[in-house]
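The next block holds one structure in the form of structure tokens; read it before the comments.
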Amino acid sequence: MLTIRHLLLFACLLLLTSCNQNQDAKDSQLALMKTTNPGPVVTDHHNLNLGENVKNDVSSLSELYDVAVVKGEKNILVVYKVKHMQRFRMKKIEKNVTKMLEKKYPDEKFTVSSDYKIFLEAVRLEEKIKSGKFSEQRAEKRLKEIVKMTEART
């Protein structure tokens, strides 16, 4: 009887520990369904405050509820989620966001997108940078790949 209890306890512990293996992947997958509010990511570390300023400016728009900013050497990627009732105006919102950013930061080059896949890739990039899995060069290369994906989708 005691052996059966030990075996049952061991099986429960094994089951519980195996359920927590891919927590990072689950977090990035949930980014599509909930507000994640990721912090701005900087790959070049020359102007750290610019990413935060851009995120605050874009977040102030009432049509948006989640914004991710990735600042690279030459490009700033701005991705956001649009509130459900505003989805019919997505092109106009993207145009307004782009115009606002180019007016406020004329020296910077922006890539703006409301695509969920691009948002998910930006969140994954942020997770890998913060965990230390990506160096600055690798993060910059991945940012360029994400920007190319946005250009291919338009």
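Summary table below
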read-out	value
Matching residues, segment 87-107, being open to solvent by 90 Å² or more (accessible area, probe 1.4 Å) and either in contact with a strand residue (DSSP E or B) (Cβ under 8 Å, 6 or more places away or on another chain) or under 16 Å from Leu50 (Cβ atoms) (or both)	Glu102, Lys103, Lys104, Pro106, Asp107
Positions within segment 27-86 being part of a helix (DSSP H, G or I), at pLDDT 80 or above and open to solvent by 10 Å² or more (accessible area, probe 1.4 Å), in sequence order	Asn49, Leu50, Glu52, Asn53, Lys55, Asn56, Asp57, Ser59, His84, Met85, Gln86
Hits in segment 108-137 - residues which are modelled with pLDDT of 90 or more, open to solvent by 90 Å² or more (accessible area, probe 1.4 Å) and either in a helix (DSSP H, G or I) or in contact with a Leu (Cβ under 6 Å, 6 or more places away or on another chain) (or both)	Lys117
Residue check, Arg142 in a helix (DSSP H, G or I), of a type in the set (Lys, Arg) and at pLDDT below 90	no
Scan of segment 138-154 for residues that are loosely packed, with under 12 Cβ neighbours inside 10 Å and small (Gly, Ala, Ser), ordered by number	Ala152
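Yes or no, residue by residue, for (1) among the charged types (D, E, K, R); (2) more than 20 Å from Ala122 (Cα to Cα):
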site	(1), (2)
Leu50	no, no
Ser62	no, yes
Tyr65	no, no
Lys71	yes, no
His84	no, yes
Met90	no, no
Thr98	no, no
Leu101	no, no
Lys104	yes, yes
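The values are calculated or read from the model by the stated rules, or taken from the named source; none is laboratory data. The structure presented is a predicted model; accordingly, all values stated were derived computationally and were not measured. Positions of Cβ are generated from backbone atoms using ideal geometry, with glycine treated the same way; all protein chains shown enter the neighbour counts. Note: accessible area is taken over every heavy atom of the protein model, side chains too, but ligands, DNA and RNA are not part of it. Shrake-Rupley method; radii C 1.70, N 1.55, O 1.52, S 1.80 Å.
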